[in-house]
2 protein chains.
Amino acid sequence: MSIDPHRAHVAPSRWDAVDVLAYKQEGAAPFRDVTRQVLFDDPELACQLRYFEVGPGGHTTLERHEHAHAVVVQRGGGRCLVGERVFDLAPLDLVHVPAMTWHQFRAAPDAPLGFLCMVNAVRDRPQLPDAGDLARLRDNPDIAAFIAADAPAS
Amino acid sequence: MSIDPHRAHVAPSRWDAVDVLAYKQEGAAPFRDVTRQVLFDDPELACQLRYFEVGPGGHTTLERHEHAHAVVVQRGGGRCLVGERVFDLAPLDLVHVPAMTWHQFRAAPDAPLGFLCMVNAVRDRPQLPDAGDLARLRDNPDIAAFIAADAPAS
């Protein structure tokens, strides 16, 4: 399918000819209030560019994988975990998630968090933390507080 | 060189730990008032993500190449040529430039045009139009008007 040369931004976080998709299949992994839009998926490009929006108080899945992420915040605010550190996020901030690094994005309680995410088109599936991984993550009080709201009871 | 996991947006079109670079070598190709910033250049990612800013009244080089571009406008306004068509640009609009397609970005007279551009890390060099290419482009009055300001006298 060819991609339109120009697709207008027609409303907050909405574009012409871009579908709003489920972030993941319900029940596949823990997350809350996240949408996914694939802005560019082109066989001529070795990466995809996606737009994710996390609703106020929502969060992406805590996960890691062999592929890296390059993120540009577009809207709202929140925080993210990358490896051992938690960062405050504001529009246009840049986030880099290296291979096999635990990461999660959380919107502020009162604002969405919208961000672009560049990722290799060919990539591995995310891994979820097991009980041992979660225990190790929780050894860091900052990370324990960050992930407290949604960590599975394990 | 490792990439910082978080780089803040510290001023309009400026980030921590991101250098503002020349767009191209002066004299290498026609352009006016363009800066380039490489936001993500990671061996783990098959694409780079760059930020270009065209000053008011400025323009990128009219060119084509085998690699594709995926663009997300971030700031200001202007117009772009993609193939046979000219599009008005506003923040967050999406532009797709397929392989071997003539393209150029122009800022409005009174506003900058800032945009993200995703591109394969391994790519060919841009080609400039020769006199015959320019004559064919100018057969379309919309394109003739668009490129009139900087076309080389050939």
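The values are calculated or read from the model by the stated rules, or taken from the named source; none is laboratory data. None of the values given here were measured: they were computed from a predicted structure. Using ideal geometry, Cβ is built from the backbone for each residue, glycine included, and neighbour counts are taken over all protein chains shown. Remember, those area values only see protein heavy atoms, side chains included, never the ligands or the DNA or RNA. Shrake-Rupley method; radii C 1.70, N 1.55, O 1.52, S 1.80 Å.
Some observations on this one:
- Applying a 4.7 Å Cβ-Cβ cutoff to the protein assembly as shown, the cysteines left without a disulfide-compatible partner are A:C80, A:C117, B:C80, B:C117.
- Dipole of chain A, positive direction: furthest Cα of A:H59, A:N120, A:V71, with charges on the beta-carbon: A:H59
- Result for chain A in a Gaussian network model with C-alpha springs under 10 Å: among A:A107, A:A121, A:A46, the largest mean-square fluctuation is at A:A46.
- Our note on the geometry: Cα centres of the stretch A:76-154 and the stretch B:1-72, 27 Å apart.
- Taking each DSSP H run with n ≥ 4 as -39500 (n - 2.57) and averaging over every residue of the protein assembly as shown yields -2500 deg cm²/dmol at 222 nm.
- Shielding by partners - mean other protein chain Cβ count within 10 Å, residues of B:54-62: 0
- Solvent-accessible surface of the stretch A:1-143, taken per residue with a 1.4 Å probe and all protein chains present: 44 Å².
- Accessible-area composition of chain B, carbon plus sulfur, in percent [1.4 Å probe]: 51 percent
- The mean count of C-beta atoms from other chains within 10 Å of the C-beta of residues in B:85-92, rounded to a whole number, is 4.
- Inter-copy separations for A:D41, label at 7 Å along Cα-Cβ, nm, ascending: 3.0
- Chains A and B together bury roughly 3400 Å² of accessible area, counting both sides, with a 1.4 Å probe on protein heavy atoms only.
- For the residues B:D93, B:D16, a 1.4 Å probe over the protein chains yields an accessible-area ranking, largest first, of B:D16, B:D93.
- Kirkwood radius, the stretch A:82-146, all distinct C-alpha pairs, inverse of mean reciprocal distance: 13.8 Å.
- By accessible area with a 1.4 Å probe, ligands and nucleic acids excluded, highest first: order of B:T60, A:T35: A:T35, B:T60
- Cα-Cα separations in chain A greater than 26 Å, expressed as whole percent: 24 percent
- As a calculated quantity, the FRET efficiency between A:Q25 and A:A90 at R0 = 30 Å, using C-beta atoms, amounts to about 0.45.
- Annotation: amide H of B:T101 within the under-5 Å range of B:H65, sequence separation 5 or more or interchain, hydrogens built in the peptide plane.
- Taking the stretch A:56-154 and dividing mean pair separation by its residue count, relative contact order in percent (alpha carbons under 8 Å, at least six apart): 36 percent
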